[in-house]
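Note sheet for the following structure.
What follows is calculated from the coordinates using simple rules that are stated; it is not laboratory data. Just so you know, these numbers come straight off a predicted model, no measurement behind them. Every residue, glycine among them, receives a Cβ derived from its backbone with ideal geometry; neighbour counts consider all protein chains shown.
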Protein chains: 2
Amino acid sequence: MASDTQISSAPLSGMRDFTPYEVQLRDWATQKITQTYEKYGFTKIETPCLENLALLKRGEGGENLQLIFEVVKRGDKLEKVLSQAHAQNAKVDRNQLTDMGLRFDLTVPLVRFYCQNQGTLPTPFKAIQIGSVWRAESAQQGRFRQFTQCDIDIFGVKNELAEIELLGATAEALTNLAFDGFTIYVNDRRLLANIAAHCGFAEERFDNVFIALDKLDKIGLEGVKTELAGEGHPESAIANLMSLLVSLSNESANQLDVIAERVSPAPDVVQGIRNIIEIVGSQANGKYSVKYEPSLVRGMGYYTGPIFEIKYPGYNYSVAGGGRYDKMVGKMSGRDVPACGFSIGFERIIGILQDKNIQPETQYQKLAFIYDADRDDIAKVAQAAATLRERGFAVVSQARKKDMKKQIDQLSNQKITALCIFKGDVQNLEIKPL
Amino acid sequence: MASDTQISSAPLSGMRDFTPYEVQLRDWATQKITQTYEKYGFTKIETPCLENLALLKRGEGGENLQLIFEVVKRGDKLEKVLSQAHAQNAKVDRNQLTDMGLRFDLTVPLVRFYCQNQGTLPTPFKAIQIGSVWRAESAQQGRFRQFTQCDIDIFGVKNELAEIELLGATAEALTNLAFDGFTIYVNDRRLLANIAAHCGFAEERFDNVFIALDKLDKIGLEGVKTELAGEGHPESAIANLMSLLVSLSNESANQLDVIAERVSPAPDVVQGIRNIIEIVGSQANGKYSVKYEPSLVRGMGYYTGPIFEIKYPGYNYSVAGGGRYDKMVGKMSGRDVPACGFSIGFERIIGILQDKNIQPETQYQKLAFIYDADRDDIAKVAQAAATLRERGFAVVSQARKKDMKKQIDQLSNQKITALCIFKGDVQNLEIKPL
């Protein structure tokens, strides 16, 4: 039989196969997270991986819109596009080729789901989504082209109890995954706008200011100043912002007090941040801390209120992020619904768990049951294996190999911790630890 | 804000959103099945949803190859295809447009995974796969275009202990999902070939004979006879087959004895079927039965030995099916590896569970915690909710609505079975059953 050597057996570039141990860790983490979220009244929903391409592309997905894997039209529909272009001697318009796309996040499908089912969903609607998303990232840079997102979202809650529950639930989920010592950073888009207005930046360029501010922890005060100047913002506004940031960097200062005093933001916005920080902090039991962070921006343009992210010591990326987006449902349905969400960076969490060499709990002890395929009666072998399963083992039956010592040595790679070598007697099964 | 009415919020045709209750049932079934399979020494693996289109198309996927959702090439690669065709005034070749496809089953990716990782995988390698597959079926006929498959496969076991474990594990999984009274039907492709040869059919047309035989339970003896005649098979061969089938339909006959006597098949093939039936049957504890079924064929061309499927009373489709396919790995890697697999029809199982109104077990009792958003202190509300969670409830906090009676009436739709109305005192939380 000819082997088909021209087709690689490797997964596609940027995509991954997961071996049993990897799946075990991912499933364990998924289950811990889900169980925690359920305690907070969230329930899981699922949407299809493929969505209408027009829906995906109309969204506020920013640069992700460039990274959609698009599905080519089927059958006659595609034929028509190709034939027409050929008949007219025109180049085929690539936008005419496709009609579906793989989702690039879980937020666009969630909003569609909510609009579709709004009449029957409870208020508040608290959703868990854990699923794959796809982005045609440059695989050369080691980015994954299929990865798991893990989101919770609350629709229908105006007050900051929503944020408090999102943060509390996510912090508890991380704690249950043996993370501690992490920090939750909180800010508010409205406060950022207040600050930018107060400093004298032009309102239509606020987002550009935020992009520079967002880099504060990487490029420092001088870096932000240089970037803002390079972008052509008014010198006076830049000077005002620098002055404020210097005051905020004073370690003894209560940053929110400084801002409340100097910027005069809407008092309820400041009180909202204070509530979130104090209340979530009071539930931390010393396992994590909650802080206001004036330079926290979060990339997506759709946030309308509090924003937050979590950092874990020793890792310079955030392990979770989210915020309030009260205008997104309205853009689809015509009627605004208060909404906020928090997303765990699932692949990052798994990477840290692997760094920490965390061993997921398993339900059964794994036992190797070795029989002699030439001599043993197969009915007795099957009966013995059944007996071992009844005793609570996960039983891996295998025929005895010539070099049984080597065979046994290899069992530990499979996380097998017990051994039973069949002696032909079903009543008498000797189990040894490995 | 303008609403975007031209884009529907419904999922794409043939695709489904799953509501919380549906996901709960699906997750519960998935977990029960996984736990059972783990007891039999299987471990979960995962592969990407996208595969190289050339790999998908070279397979033995039969008509599924026509149903692949294909992903259009990205960026310059696509541009080149379109520009070249235009420059040459040629119609674009649709095969040039795409390079990846969504998997249509879990077997093609599994074999690729096995070939890729063969060096590090244990022998036997026993895989669980539960995941989505996609087929561009006619959505008009109510077929799903994304659905879940649930497979176990064993690589590296030549003897029928593999089949015994596949059948035993799947039967136990179904039993754990509250199925009983089902029947496992067993046959062997080699025995089918022996019968066809004995009757005098031409070997190159055996598959055509099997297609007719497969319909025996739907169209009866006369129907099979008519179909075989219409296909131009020799009259004498048809007469021989009919005579054999009549003997087999004699209720007092042991069908395998009849075939052993009249067809003289390879004794080890018959003994293999007998072993499978007897040993799996001995583990059934009256919950299911195991039978030889001479007209069982299974559609796919790649089976090489025992084949099997499970039927549940009251449903005229099989709820699980599989068989041995010893030649498939060799077609990819050049070296044959014994392999067999069993696939639960996950969507069918879920449909039956819904028909039976099975309620999945849940970890926490769900409690509605109603507070007054205008009057209550948000810190106290959060603290009370935390206390209720500590007491073991899954807590759904919600602001009191004007018509609280109506609000409470609607809670049972969410499977909420307990209620706590906040009176402002965190120390004194009164919980009522609903």
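Go ahead and set up a Gaussian network model of chain A, Cα springs under 10 Å, then flag whichever of A:Gly62, A:Gly321, A:Gly286 fluctuates most.
Between A:Gly62, A:Gly321, A:Gly286, it is A:Gly286 that shows the largest mean-square fluctuation.
Sorted from shortest, what are the nm distances separating the label point of B:Gln365 from equivalent points in the other copies, each placed 7 Å from Cα along Cα to C-beta?
Counterpart label points of B:Gln365 in the remaining copies fall at 3.5 nm.
What list of ³J(HN,Hα) values in whole Hz, one per residue of the stretch B:221-235 in order, does the Karplus curve 6.51 cos²θ - 1.76 cosθ + 1.60 (θ = phi - 60°) give from phi, with Gly and Pro shown as x?
Working through the residues one at a time gives 4, 5, x, 4, 4, 4, 5, 5, 5, x, 7, x, 6, x, 4 Hz.
For peptide A:424-434, how many partner chain Cβ atoms fall within 10 Å of a residue's Cβ, on average?
Taking the mean over all residues of the peptide, I get 0.
Once amide H atoms are built 1.01 Å from N in the peptide plane, which residues 5 or more positions from B:Val290, or in another chain, come under 5 Å H to H?
Counting only residues 5 or more places away or on other chains, the set is B:Ile184.
Starting at the first residue of the stretch B:108-117, write each ³J(HN,Hα) from the Karplus equation 6.51 cos²θ - 1.76 cosθ + 1.60 with θ = phi - 60°, in whole Hz, x for Gly and Pro.
4, x, 5, 5, 4, 4, 5, 5, 5, 10
Check B:Met100: other-chain or 5+ apart residues with amide H under 5 Å from its amide H, H built from backbone geometry?
The list, which skips near neighbours in sequence, is B:Leu53, B:Val71.
Express in % the proportion of alpha carbon pairs of the stretch B:185-288 at distances exceeding 17 Å.
56 percent
Enumerate by residue number the GluC sites (Glu not before Pro) in the stretch A:344-434 meeting two conditions: DSSP loop (anything except H, G, I, E, B), and at most 11 other Cβ atoms within 10 Å of the site's Cβ.
For GluC sites (Glu not before Pro) across the stretch A:344-434 that sit outside H, G, I, E and B with at most 11 neighbouring Cβ atoms in 10 Å, the list reads A:Glu361, A:Glu430.
So what are the stretch A:365-433's ellipsoid semi-axes, whole angstrom, largest first, if each one is the square root of 5 times an eigenvalue of the alpha-carbon gyration tensor?
17, 15, 9
Report relative contact order for chain B in percent, whole number only (criteria: Cα-Cα under 8 Å, sequence separation at least 6).
16 percent
Counting partner chain Cβ atoms within 10 Å of every residue's Cβ in B:374-386, what's the average?
Mean partner-chain Cβ count within 10 Å for B:374-386: 4.
Which aspartates and glutamates, on any chain, are close to B:Lys405 with Cα under 20 Å apart, when same-chain ones fewer than 8 places away are left out?
Straight-distance partners of B:Lys405: B:Asp372, B:Asp374, B:Asp376, B:Glu430.
To one decimal in nm, how far is A:Asp93 from the same spot in the other copies, if labels go 7 Å from Cα toward Cβ? Please give the shortest first.
In ascending order, 2.7 nm.
Using only the Cα atoms of the stretch A:46-121, what are the Rg and Dmax in Å?
When restricted to the Cα atoms of the stretch A:46-121, Rg and Dmax are 15.3, 51 Å.
State which entries of A:Lys287/B:Lys380; A:Lys401/B:Lys331; A:Lys311/B:Lys406; B:Lys126/B:Lys225; A:Lys44/A:Lys331; A:Lys158/B:Lys356 exceed 31 angstrom in Cα-Cα distance in the structure shown.
Those over the limit are A:Lys311/B:Lys406; B:Lys126/B:Lys225; A:Lys158/B:Lys356.
Mind checking the mean number of beta-carbon atoms from other chains within 10 Å of the Cβ atoms in B:101-112?
1
In the stretch A:270-412, what percentage of the DSSP-assigned beta bridges are antiparallel, given to the nearest 5?
Within the stretch A:270-412, antiparallel bridges account for around 60 percent of the total.
Which distances, shortest first and in nm, link A:Asp336 to the matching position in the other copies, using label points set 7 Å out along Cα to C-beta?
So the distances to the same position in the other copies read 7.0 nm.
Where Rh is the Kirkwood radius over the Cα pairs of the protein assembly as shown, the temperature 20 °C and the viscosity 1.002 mPa s, what D in µm²/s does Stokes-Einstein return?
70 µm²/s
For chain A, what's the radius of gyration and Dmax over Cα atoms, in angstrom?
In Å, with Rg to one decimal and Dmax whole: 27.8, 90.
B:Lys39: which aspartates and glutamates have alpha carbons under 12 Å from its alpha carbon, excluding same-chain residues fewer than 8 sequence positions away?
Within the straight-line cut-off, B:Lys39 pairs with A:Glu390, B:Glu165, B:Glu172.
Return the loop-located trypsin sites (Lys or Arg not before Pro) in the stretch B:251-351 (DSSP other than H, G, I, E, B) with at most 16 other Cβ atoms within 10 Å of their own Cβ; answer none if there are none.
B:Lys287, B:Lys327, B:Arg335
Just the number, please: Stokes-Einstein D of the stretch B:75-119 in µm²/s, Kirkwood Rh from C-alpha pairs, 25 °C, 0.890 mPa s.
Stokes-Einstein gives a translational diffusion coefficient of 186 µm²/s.
Answer rounded, prolate or oblate for the stretch B:394-434, using the Cα gyration tensor with square roots of eigenvalues a ≥ b ≥ c: rounded when a/c is under 1.5, else prolate when a/b is larger than b/c, else oblate.
Oblate is the answer for the stretch B:394-434, as a/c is 1.5 or above yet b/c matches or exceeds a/b.
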